[in-house]
Structures are given as structure tokens and as C-alpha cells.
Amino acid sequence: MRLFFAAIALPSLCIHLTKVLATSSPRPEHPSAHSYILHEKRSHVPSGWTLVKRHDPSETIPLRFGLKQTNITKLEELLFDVSHPDSPNYGKHWTPEQVARAFAPSKESVEVVRTWLAERGINKERVKISRSRGWLQVNATVEEAETILKTQYHVYEHASGTRHIACKAYHLPEHVSPHVEIITPSIHFDAVLKKRGKNATLPSKRVGMPGTAFAPKTTGYIRNIHQELGDCHETITPLCLRALYDLTYEPLSPHKNSFAIVEYTPQAYLQSDLDMFHTNFSSHLVGKSPKLVSIDGGVVQDIQAGFEYNAESNLDLQYAMNLVNLLDAKQEVTLYQVGDIPQGATFNNLIDALDGTYCTFEGGDDLIEDAIYPDTYPNGYRSKPSPLFGFLSDSTGQKTLITKRTFKMRQIVGLRSLPMSFPPHTGTTKLIFPLFMLRGNVQSAYGTSYYELTSQLITKRRLSHMLFQPPFSLHDGTYRYAKLGLMGVTVIYSSGDNGVAGNAGVCLMPDGSETDYGSIFNPSFPSTCPYVTSVGATQINPGMKVTDQESACEQVIFSGGGFSNYFPMPKYQTRAVGNYLQNHKPEEYGPEVWNSTGNSRAYPDISANGANFAVAVGGRFSRIYGTSAAAPVIGAILTMINDARITIGKSPVGFINPVIYSERFSSALNDITSGKNDGCGTPGFAAIPGWDPVTGLGTPSFPKLLERWLDLP
């Protein structure tokens, strides 16, 4: 596990990264100054980070103010109105314009913040506002930022060499605080200081670089590829997956329902590996390449090769192209390759290409967070992005300017305040770390833990009667995903490969730090966000057949699952998760180990096979494991369901959780009743009849899901 972003208390775990609206702040600098209050604070530095120095007061930073959104308390109600199968408005998804208008901050919020900044010496001409009016930005010196926020900025360095700037806490005037949700950079470790040597040819730490995302797990090479269903317990191939989930569907509207995948340089596929895979499993695709769309100099690089550079892209494209093309090659698969060789890329580069408001409000780049173009390093991308949006280049080298006319309505970029320009309402695109996007479906193979985002402090007090506000970075993510769902987008995240533990198998200590020897369960994010669909992993047990019941994956990886420490249980989970807690609640773990309140968001939601995948890498087949392998299977199945609905004039499935948890869909999933998800020195949770925190509701039955979704409006 790793990609990609309500309140609940652990019964004995108190989260101390909060916005405080009534706490006194340091004394104002002079009697006429406004009374300041604490806005956000972190308890300590996240694991692996070290404070290096005070930031240079003369340096400039892009200080961004995320404004309070209107109608945000109605967001969940509005989402369920278009997502619940019993709603008369099911499938009547909103346009981006409707979403932007409904949740745009008020004029009052804009003016209050701008007036305050002017009073603090920031001329209004320096303050830029995003088109969505959701963000204000001013390029301020560190000294100016420290003065107006009553804080101190420091430079922190990770063990990997990556540097961030952050503060421990910041304050706002009492009359300004209610109008601001978040300020960046601030307490969140999400601002990167990029310093490279003159001879650098590859980025030291970007999204696509080895070490920044957990690569698929492997046990080595496969000597002999079997073509028989009887061998699926040893090696999973597309044939096995089609048999497991009855996926025998040929797309009927391929030109209306594209399947796109985003990869971040230097991650790259090898055409020879695609052909090797297709020669074995889909001869009609031999010689077929994904349609390349280059963003910010994105190139399918061949400077670096090997499992860590090619496995993820190869896995994605080999199975994506196969599973959506049963008999021929009609269904195009598009590859969005982001970032040049020297700098690589981040999610922001993709967003900035699609809509210039995200990074700089005027179409440029965030000097702290984004790769900057033109890139003067060797092999760098020299073209200057569009002053409003950016450039794409197709596989012929022809450049396409992304404009509102190029990308019309309805799909997929998830922002805090949604942009007004989107790619076509077609296809699955793999976005964050890596992330897939279907026509109305987004899927990420990676997530993270709360701790990595927030550095919470945990104290041993029984507080089951209390609710805690998650940090604004988590609020921001949940709002974004809910808005995507409102537009008919399905967001899918893998649940993780470490059972009840977090990334790399680390667990929490009572002080909130992550360690290899922690004993507190470490749930993942965004899988625990109530508005995404979390995907766990299953396996065919040794010696068993594809017609036998699968079990939770316990080979090489353990399916991530558990209960959120922040987010409350959404109402669509009340029946299924309530049954688990009433009849199967584990008694061997005390409330100091996991959130046993019965009030929190539980995950995963659904599962698919994630063990023993045959993937061609470097001219040989490797055996790959992970929930990152399971998630594309769910993505392909939903792509085909969307194709069927599009063909008869219906909308995409959108946010699927209220549907799959409903009683009418209960028999459309294969219940998984064996296996567990070890972690934190424990056996974790166990799979049982019905929903469980290992495999969720079970694995898909494509014909049953298709039938029921076609019956919906």
C-alpha cells in the first residue's frame, strides 16, 4: 500500500493535531493588532524527519489560504442523493460548474482575508485568487509569513534526503479564522524543497521514483507460464481472473468509454514486455501500444530499466489492455505520461496541465511543490507551458494545448475547490501514485497512513464518548473525493499490503510515532475516507481451483483493513459493519490497540485477487503480489459495467459504496470467510461470513453486478 489523501475517537487514543478556535495565542505585537488564536498545531515531527534549521527569512514562499467553503455540511447528503440506489435522483450527477458554484467560498470570506492581509502590509495587488475562488495566494517572504501567522518556518530533512518546509503551529486573528480552512505551507509535511546537483539526470525523490511509492511485491521469476485454469493457484493470468469473476464481456461502446492510465516518469512500460505478455495471453493485442499523451515532457524513458522502474507500469498496462479487450483491440487504452527525465513529476503536474488554477492560479507552477518548466537540466523538457493550462504531446510529437474546448465537462480532477476544465467524460485514468481513472472511476494503487500526513499525538485516555476533528489536510481530501462522487466519479484505493499495520509494516506508539515495534493498529488513508472505495486482496489457496472459494491474501502480503481513527462510520455501512461488531467483534485486543467504539469508518469495502500475478518485466515473467494488483481488476470490471450503462444511455456508476452495501446487491458479491490480516505483532482481524475488516463485502461477480446496475436508473 501507499496513493493517494467526520471525526471519531479511538476509545483510548486522543488525536492532538487540531484546529483550535478558542485557544489563546501569543500576545499581539502591538495594542492595535487583532486578537490572534491558534488555528492549527502539530504535536511533533513525523518519523524519519529531522529539523535542520530556521528557514531563510529572505526566501520567498507561495503562501496559500484555503477558504471556508459554503454548503460543505450538506456535501454528504447531496452525494448520497445521487449515489443511493433508492434515491429518485440516483445517477443524476452534477457538472463541475454546479459543484464549483455550490461550494465556492462566500464573497465575505474572500474580502475578510484580503482586507486582513492588506492591514498586515500585503497589498491587494499581490494577492491572487483562483478561478474557483477557493484559494488566495501571495508570494511572501518567510519573514512576512512568520509575522502575519505568528509562527516560525523551519527546514526539515527526511532520511531519504528529501527536504520540506513547515512550522509547528500558526495563528490567525479571531475574526479571520472562521473563514480559513487551511494554509500551506504550514504544519503539514507537503512542501518540498528541491535542490539538485548541476549534473543531475534523474530526480532524487518524485512520485515515480523508486522509494517514493511502494512497488509491487515479488518472489522472483516464473520459469513456466501455465495456460490452464487448473494452475491458477500457482500463477494468476487474465484467464484466471476472467474465470474467477465471470468477466466475459466485449465492450459495446469503446469510442465513448476510454480507459486511460497515468504514470509518472521515470516509471515506464517496455513495449517488448507488453508484446511478450500479449503473445501469451492476448495475441490480438500484440504490437498494440497505449496511446501516449505527454504532459510536461513526459516520456517513456529507457535510461533506467529494471523491476523498480518498469514493474508498476507493465502491470497496469498489461492487465488493463487485456481485461477490457476480450476479443479484439477496439477499446483504446491511453497512457498519460507525466514529467520529464530530470525532474520527474508529482500529481500537481497533472492537475496543472488540466487546469492552471491548481498550482499558481495564473497557470504557472508552484516553486515549492512542482517540477518547473522549461527544464534546463540534461534531457529536460524545454517547452514553456501554456499561460493558462499547459501542453500535451501525443505519440507523434504533435503538441496539443489543453483548453476548456479540448477537455469539456464532467470528469475527473479532484481538487479542494474544483476547476472549471476537465477531461472528457470517458475513460479510466490512472492518477495518484499510481491512480486509475475510468469513465467516472478513479483508482489508486497506493495510500498512506494518517500519521505520515499529520503526526498526531496519542495519549492513553479512554475517550470513547468524544469525537475529534481530523486535520484539515484530511478534511480536504474527503471533501475532494466526495465532490468527485457528486460528479459521477468512482474513486478506488488499494487498502494496503501490511494488514492492520501502516506503510512498510509500521505501527503506532502511544506518543503517535510510527515504529517497527509499535502495537497500535495503523489504518491507512485515503482508504478510510468515507467517500472512496477501498480494495483488499484475496488469493486462491494452494491446491484449490478457480471454482473454489478464495481466502484473504496471506501470501507475501496481508490485505490491509481495520477501523479509522478519524472518520465516523458512514450510514451505508451501518447494517453490514454493525453485524460484524455485534457478532464477531474481536475480544483479544483491548481498546488501546484499535478503535473499538463501533462508530468509525471501516475498510476495505470490496476485494479481488492480488497474489501470484504473472507480469512480464525485462523480458521475463515475474510473480507479483499486492492490493495494487487487485485494484486494477476492480477498475476493469467497473469499466465494463460503465460501458454497458453508457450503451443504453445511462450514467456511469459513480460513487459505488451506497450501492454495493445495499441489500439488493448483497448476493452480487462472493463472500470470503477465511484468512486474516496480520500486523503489529498480532494476527490482525479474521475474515468471517458477511462484511469483515480483511476482505470487505467480498469479491465481485461480474454478471450479477452488471444485471443489478443495469436495473438501476
What residues have an amide H closer than 5 Å to that of V52, excluding those fewer than 5 places away on the same chain, when H is modeled at 1.01 Å from N in the peptide plane?
V155, Y156, E157
Take S666 and E111, extend 7 Å from each Cα along the Cα→Cβ direction, and tell me the distance between the two endpoints in nm.
5.5
What share of all Cα pairs of the range 570-660, in percent, falls into each consecutive 10 Å distance bin?
13, 28, 28, 22, 9, 0
Highest first, please rank the peptides 485-491, 495-501, 157-163 by the mean number of other Cβ atoms sitting within 10 Å of their residues.
495-501, 485-491, 157-163
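Send over a whole-number figure in Å² for the accessible area per residue of the range 588-629, probe 1.4 Å.
Each residue of the range 588-629 exposes 20 Å² on average to a 1.4 Å probe.
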5 Å binning of all Cα-Cα separations within the range 281-321, expressed as whole percents from 0 upward:
5, 17, 25, 27, 20, 6, 1
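First check a/c for the range 85-174, with a ≥ b ≥ c the square roots of the eigenvalues of its C-alpha gyration tensor; if it is under 1.5, answer rounded, and if not, answer prolate when a/b is larger than b/c or oblate otherwise.
Values: a/c = 2.83, a/b = 1.53, b/c = 1.85.
In terms of gyration-tensor shape, oblate.
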For a test of the definition: using alpha carbon positions, the gyration tensor, and the 1.5 limit on a/c, classify the range 502-543 as rounded, prolate or oblate.
oblate
Using θ = phi - 60° and the Karplus form 6.51 cos²θ - 1.76 cosθ + 1.60, what ³J(HN,Hα) does each residue of the range 112-120 get, whole Hz, x for Gly and Pro?
4, 5, 5, 5, 4, 4, 4, 5, 8
Where a ≥ b ≥ c are the square roots of the eigenvalues of the C-alpha gyration tensor, would you call the range 469-619 rounded, which needs a/c under 1.5, or, failing that, prolate if a/b is larger than b/c, or oblate?
rounded
What is the set of long-range amide H partners of F558 at a cut-off below 5 Å, with H atoms built 1.01 Å from backbone N?
N498, G499
Can you give the convex hull volume per residue for the Cα atoms of the range 89-142, as a whole number of Å³?
95
Positive dipole terminus of the range 508-579, leading residue within P526, Q555, T515 (C-beta point charges)
P526
Sticking to Cα atoms, compute the Rg of the range 217-309 to one decimal and its Dmax as the biggest Cα-Cα distance, whole number, in Å.
15.9, 46
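The values are calculated or read from the model by the stated rules, or taken from the named source; none is laboratory data. It should be emphasised that the depicted structure is a prediction, and the values quoted were computed from it without experimental measurement. Reconstructed Cβ throughout: ideal geometry from the backbone, glycine too, with neighbour counts over all protein chains shown. The accessibility values were calculated without ligands, DNA or RNA, using every heavy atom of the protein model including side chains. Shrake-Rupley method; radii C 1.70, N 1.55, O 1.52, S 1.80 Å.
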